[in-house]
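The values are calculated or read from the model by the stated rules, or taken from the named source; none is laboratory data. All of these numbers come straight from a predicted model, not from anything done at the bench. Cβ: placed from backbone, ideal geometry, glycine included. Neighbour counts: every protein chain shown.
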Amino acid sequence: MGPDFGDTCRQHLAFMKWADDLMLAAVAEHAPGDIAILQHIYLGEEVWLRRVQGDREVQIPQLEAPSDIAGLADSWPALHRRWADWAGMTDNWAVRIPHRNLKGNEFNMPAWQIVLHLVNHGSFHRGQIAARLRAAGVTPPATDLIVFYRTHPEL
């Protein structure tokens, strides 16, 4: 028997929300004008949600991220809720999601792989933000997956 993709994906989406919230708060406090990477993470989450919901043609350049830190703080919780709602209704994590990359290449991947990619994508970019904060003399929040598991033993 294979892993329970549903539980794993839902846990990882909860981790994504938790880590996004921590990093958004850190940037809001210490570098509110430097949000390009946060905007990129946000757009990645938006484009992949639309794709798993059936929009096979959507691309990041068609979407617009909030223009400032306050807009991100207002908009991101709803995006996280939409992901949680989708994940709560999904029972076939192996369903193939057709989509195109920016070069026009077509792909057809299972939903569970897309979710894990999305979470990994955000982790990579939050690491970039953490490095910027450290360079500015600020200790970034710990957003490692293991910290999430340790602070959320109910999962």
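Conditions first: (1) surrounded by 13 or more Cβ atoms within 10 Å (Cβ to Cβ); (2) part of a loop (DSSP other than H, G, I, E, B); (3) of a type outside the set (Val, Ile, Thr). Ala94 passes all but one, so which condition is the exception?
(1)
Looking at Leu24, Leu49, can you tell me which residue is under 30 Å from Ala136 (Cα atoms), touching a helix residue (DSSP H, G or I) at 6+ places or on another chain (Cβ under 7 Å) and not small (Gly, Ala, Ser)?
Leu24
Look at the stretch 65-91 and say how many of its residues are part of a loop (DSSP other than H, G, I, E, B), at pLDDT 95 or above and surrounded by fewer than 16 Cβ atoms within 10 Å (Cβ to Cβ).
The number of residues fulfilling the criteria is 2.
Could you check the stretch 114-141 and list, in sequence order, the residues that are more than 27 Å from Val52 (Cα to Cα) and free of Cβ contacts under 8 Å to residues at least 40 places away in the same chain?
The answer is Ala131, Arg134, Ala135, Gly137, Thr139.
Taking the stretch 126-144 on its own, how many of its residues are over 15 Å from Asp21 (Cβ atoms) and either under 18 Å from the mean Cα position of the chain (by Cα) or surrounded by 12 or more Cβ atoms within 10 Å (Cβ to Cβ) (or both)? Talk me through it step by step, then tell me what you get.
Going residue by residue through the stretch 126-144, those that are over 15 Å from Asp21 (Cβ atoms) are 127-128, 131-139.
Checking which are either under 18 Å from the mean Cα position of the chain (by Cα) or surrounded by 12 or more Cβ atoms within 10 Å (Cβ to Cβ) (or both) leaves us with 127-128, 132-133, 138.
Total meeting the criteria: 5.
Of the residues His99, His152, only one is touching a helix residue (DSSP H, G or I) at 6+ places or on another chain (Cβ under 8 Å) and surrounded by fewer than 18 Cβ atoms within 10 Å (Cβ to Cβ); which?
After applying the criteria, what remains is His152.
Taking the stretch 51-64 as the search range and keeping residues that are in contact (Cβ under 8 Å) with a residue 24 or more places away in the chain and not in a loop (DSSP other than H, G, I, E, B), which one is surrounded by the fewest Cβ atoms within 10 Å (Cβ to Cβ)?
Among residues in the stretch 51-64 that are in contact (Cβ under 8 Å) with a residue 24 or more places away in the chain and not in a loop (DSSP other than H, G, I, E, B), the one surrounded by the fewest Cβ atoms within 10 Å (Cβ to Cβ) is Pro61.
How many of the residues making up the stretch 1-45 are surrounded by fewer than 21 Cβ atoms within 10 Å (Cβ to Cβ), free of Cβ contacts under 8 Å to residues at least 60 places away in the same chain and not in a loop (DSSP other than H, G, I, E, B)?
7
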